[in-house]
Amino acid sequence: MTNKNGSDAINELLATYGETGGINYLDAAATLPSRKTIEDACADLMSLMFPGFRGEALADSEDLPDITKSKIRNLRIRLKPEICKSFGDFPASDETKKKADEILDFFVSQLPEVRKLLWTDIDAAYEGDPAATSYEEIILAYPALEAIAIYRMAHLLYNKVPLIPRIMTEWAHSRTGIDIHPGAAIGSHFFIDHGTGVVVGETTTIGSHVKIYQGVSFIARSLAAGQALRGKKRHPTIEDGVRIYAGTTVMGGDTVIGRNSTIGANVFLTKSVPPNSLVYYEEKEVAVIPKRSKEAASASEDGVRK
Amino acid sequence: MTNKNGSDAINELLATYGETGGINYLDAAATLPSRKTIEDACADLMSLMFPGFRGEALADSEDLPDITKSKIRNLRIRLKPEICKSFGDFPASDETKKKADEILDFFVSQLPEVRKLLWTDIDAAYEGDPAATSYEEIILAYPALEAIAIYRMAHLLYNKVPLIPRIMTEWAHSRTGIDIHPGAAIGSHFFIDHGTGVVVGETTTIGSHVKIYQGVSFIARSLAAGQALRGKKRHPTIEDGVRIYAGTTVMGGDTVIGRNSTIGANVFLTKSVPPNSLVYYEEKEVAVIPKRSKEAASASEDGVRK
Amino acid sequence: MTNKNGSDAINELLATYGETGGINYLDAAATLPSRKTIEDACADLMSLMFPGFRGEALADSEDLPDITKSKIRNLRIRLKPEICKSFGDFPASDETKKKADEILDFFVSQLPEVRKLLWTDIDAAYEGDPAATSYEEIILAYPALEAIAIYRMAHLLYNKVPLIPRIMTEWAHSRTGIDIHPGAAIGSHFFIDHGTGVVVGETTTIGSHVKIYQGVSFIARSLAAGQALRGKKRHPTIEDGVRIYAGTTVMGGDTVIGRNSTIGANVFLTKSVPPNSLVYYEEKEVAVIPKRSKEAASASEDGVRK
């Protein structure tokens, strides 16, 4: 805790750039994709999926074709160097540039399908939530839609480009509290209500018409094993029509929740259940006791239970 | 998964704007209120409630009257067209403009009351949290205050303007992880500690001097029924002086937590409790077992319980 | 609910600035540190710790010494007045300015140590998460790293400057859902996976090589007592090598989790456990029942358990 003078501290800090992180850190850092560029692209992708979503003027639907073309052209121009950087090749070779172009071709070609899929998610939100008063409200004020839309687009790039898909889903995670790994496979009509605390792990499979609430997690068993498990199916399979209430955790790559099952709140589920099941904990009565004196009450409130 | 050329994809995407979302989507999108304008207004409303809050210069308290008048004038000018757009009438008819003005008159007239109410919330935070060292710390660094302030202002517009109140509370949700529906009715001296994961549903009623912690949810029973339940009282009633610990869920429109009750952490409560109750689960002993060998330990850690 | 005219409302609002919050509120507000300046500084501190992190051009590692020096000089210039304001002395006396300089000297002198510590956190994340494909991914897309980095820097200022450390950690909380109080003491190799909903209270002590998941909370017992507990050890001690699964709450200043223990998901732990323990709830079987008719199913789904 010596008070080095500023110049010593700066030199020491500079030294750590070389030391910690290994010899290649600075070279790697020099070609990291720009988080800011990718986050801005996410915002633009949202307004490509939902024109008007971010409040940009939509003077006339006649202008829409030109606006859309220019948005897509612009996105390609900005994303291409970031893709090259993600491959660690920047300034990029012709080969890497070609690869980036092919990835962008594929990405753009799939956007109409993504939009159709997202409309099924909006349908599911409207049907599922009595507080929803209109489709517009869902587009403007449902965090789940943003998280799902960005996930569906990031999923297109998963296993094709390093880093960028994860930066995209973390942008949505930061804004919504919903953490969906770009590797997950998710069917149509997916609805997440409220959403804060939701975690969908990398190898999760989710069917269509699935509805989950805040705090639901699909996680890996054997987290102890770390890197040894890379690439293995580690997260559960959730079949069509399943509904899972708030705070429930489903764990393990061989855990399958059969179609049309309902899982109650705060369940910790580590084994498969057959289709059409209703899963909850056996009756667990709460103790409701009158508070005695003020002193007694505040003593027993300590741990609430001890 | 064909690689359409870019122009095909754009045409297909344009087609989906008309197809999915029905024939009216583009017209509706053209008059959606601007999320960005409303989010900026939220930030300005926060600094109207708490001058100095966002670090703007407060040269002299003599300037405050002029600064305040100009802030309010500015807010009205910016919010009026957004209100008209929310009514789907933009460019707006004289009638809609008049309605927007009346709503803004009402909104501004209620701001002094909101500020008085918010001061009771600050009092509650200061009294309730030993980590709070000053009122200034609460204003500058307690996410709950932002979520509650925006909720209290959005509540003024609830049932008067579509969309805007929800955009406001979702702005706060995104920043704080606290999701309070603008329809909820909440008394004075309301305190939320930490806050991430809190959900307060549309028809919740909360008395005064209520204190809740992170992850507490007030949710609807019978979520299955969806739109059929719209407008019904679906969320619980929390009476004065109730304290609810982290992670507890209270469910159902007929569930009433009697005044001055304390509910422990992680309780799932679906029925009413009388005033002055202490509610917790019966003794649930944890198993504390020594780990045997490294191998055994990592095997049984898998599911932690199987 | 009268419709005052706008001018009345403004005067009333102005009056509340003086009334609520006591006579000193406006004077205090005039010298509040600027949240925006401190939040911008947090972003700059992140790119000082991880050059390239925010996508700024890193043309050449030869430029790094000059860039780093200029970043630090710039940070000092901007933070100095905010520190003076935090001491309530602005425009500042010479004595306060000197104190601010000494604090900044100390802060800068510790940054190399912080960077070394953060590299152990990155190591822990890479080793612990099979979904992590590279160190770069952790720097660019793991919210925990941002929350931990800002905590480690805010901790340097804890008990030295009012307000600013808490504004820093709340910036990270807002972006990540991870709420670490700057007062906590946390060892090396700390990893938080997913992270949304994590709470680490002010007097928590955490050893090295500790790994926690989303929703884990270290909280105070006897929250009832409020301000009376200020400054006391209120939060638990977590020894080296402990791993705690999602949603678990550990409570109380005298609660010690012994080294190398593993705590399962959703445990509510209010007492100490010896080293090398495996802690979980006794077998709790879930009820898995087939749904009968559609009507019966939706009836019993109400509360899931009643």
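Between B:K36 and C:A287, the simple spin-label model (points 7 angstrom out along Cα→Cβ) gives 5.3 nm. Solvent exposure of A:H189, expressed as accessible area, is near 50 Å², computed with a probe of 1.4 Å over the protein chains only. Per-peptide packing, taken as the mean over residues of other Cβ atoms within 10 Å, places C:124-137, A:197-210 in the sequence A:197-210, C:124-137 from highest down.
So what's the net charge close to C:F191: Lys and Arg +1, Asp and Glu -1, counting the other residues with Cβ under 11 Å from its Cβ?
For residues surrounding C:F191, the net value is -3.
Neighbouring Cβ atoms from other chains, within 10 Å of the Cβ of residues in C:150-163, number 1 on average.
Annotation for A:K232, label-to-label distances across the other copies: 4.7, 4.7 nm (shortest first, one decimal, point 7 Å from Cα along Cα→Cβ).
Legend: residue pairs B:K36/C:K97; B:K271/B:K291; C:K69/C:K211; A:K99/A:K232; A:K291/C:K232; A:K71/A:K233, Cα-Cα distance threshold 31 Å; pairs beyond threshold, B:K36/C:K97; B:K271/B:K291; C:K69/C:K211; A:K71/A:K233.
Stretched out straight at 0.36 nm per residue, the stretch from A:D8 to A:D94 would grow longer than its current Cα-Cα span by 26.6 nm.
Using a 7 Å projection from Cα along Cα-to-Cβ, the label point at B:A15 is separated from the same position in the remaining copies by 6.5, 6.6 nm, smallest value first. Shielding by partners for peptide C:72-79, expressed as the average number of C-beta atoms from other protein chains within 10 Å of each residue's C-beta, is 1. Measuring with a 1.4 angstrom probe and ignoring ligands and nucleic acids, C:I77 comes out at about 120 Å² accessible. Between this copy and the others, label points of A:K98 are 7.0, 7.0 nm apart in ascending order, each placed 7 angstrom from Cα in the Cβ direction. For region C:160-171, putting each phi into the Karplus relation 6.51 cos²θ - 1.76 cosθ + 1.60 with θ = phi - 60° gives couplings of 10, 10, x, 6, 4, x, 5, 4, 4, 5, 6, 4 Hz, in residue order, rounded to whole numbers and with x for Gly and Pro.
Neighbouring Cβ atoms from other chains, within 10 Å of the Cβ of residues in C:191-204, number 5 on average. Here the convex hull built on the C-alpha positions of region C:91-198 has a volume of 103 cubic angstrom per residue.
Would you please state the base-10 log of I(q)/I(0) at q = 0.10, 0.21, 0.22, 0.24 1/Å for region A:37-118, with intensities from the Debye formula using one equal scatterer on every alpha carbon? Results for region A:37-118 at q = 0.10, 0.21, 0.22, 0.24 Å⁻¹ read -0.28, -1.02, -1.08, -1.20. The label point for B:D254 and the one for A:R73, both projected 7 Å from the Cα toward the Cβ, are 6.4 nm apart.
The values are calculated or read from the model by the stated rules, or taken from the named source; none is laboratory data. Since the model is a prediction, treat every value here as computed from it, not as a measurement. A quick note on method: Cβ atoms are made from the backbone with ideal geometry, for glycine too, and the neighbour counts reach across all protein chains shown. With ligands, DNA and RNA removed, areas are computed over all heavy atoms of the protein, side chains included. Shrake-Rupley method; radii C 1.70, N 1.55, O 1.52, S 1.80 Å.
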